[in-house]
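Report on one structure; see the data block that follows.
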Amino acid sequence: MPSPFHTRVIATQMAGGSPGINVETLAGTKTLVDSDKRHQRLDPGGSARDVVLPAEEGSQGREFWIWNAADGSEDITVKNDAASTIGTVSQNEGALYVCDGSAWVMVFIMTGAIA
């Protein structure tokens, strides 16, 4: 029987996308696709930025962790593909977004220093 860790890795790979983390400084809006890494450590790059999640259809069970690694007071506004705001991730916050197949929801948000 696989361990819970291995089960999670297998489930992530089956759900599409890549395990691991993307570390990136943004220069504009970032649009995620299903093949993107599930963990996104994003620096807004000196200005508030938008992150757009993939279309809900075909994304059931998908999740993204979005971490705001800003060095200043710069928010990341997370939106669905219809441009509706789902949540805002401020400096030193991380949030989990999950899709139920018809909507993306912010499951929870946490605060802490991101190194």
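The values are calculated or read from the model by the stated rules, or taken from the named source; none is laboratory data. Keep in mind that this is a model prediction, so the values were computed, not measured. Note that we place each Cβ from the backbone using ideal geometry, even for glycine, and neighbour counts take in every protein chain shown. Heavy atoms of the whole protein, side chains included, go into the accessibility calculation; ligands, DNA and RNA do not. Shrake-Rupley method; radii C 1.70, N 1.55, O 1.52, S 1.80 Å.
For ILE86, the conditions (1) more than 16 Å from LEU26 (Cα to Cα); (2) assigned to a strand (DSSP E or B); (3) in contact (Cβ under 8 Å) with a residue 40 or more places away in the chain are fulfilled apart from (3). In the range 89-102, the qualifying residues are those that are part of a loop (DSSP other than H, G, I, E, B) and open to solvent by less than 60 Å² (accessible area, probe 1.4 Å), and the one that is nearest to GLY58 (Cα to Cα) is GLY101. Is it the case that GLU74 is over 21 Å from GLU24 (Cα atoms) and in a loop (DSSP other than H, G, I, E, B)? No; evaluated as a whole, the condition is false for this residue.
Residue under question is GLU56, and the condition is that it be among the acidic types (Asp, Glu), over 10 Å from the mean Cα position of the chain (by Cα), under 18 Å from ILE21 (Cα atoms) and surrounded by 14 or more Cβ atoms within 10 Å (Cβ to Cβ); does it hold? So GLU56 fails the test. When VAL107 is tested against the conditions (1) open to solvent by 60 Å² or more (accessible area, probe 1.4 Å); (2) within 10 Å of the chain's Cα centre (by Cα), the lone failure is (2).
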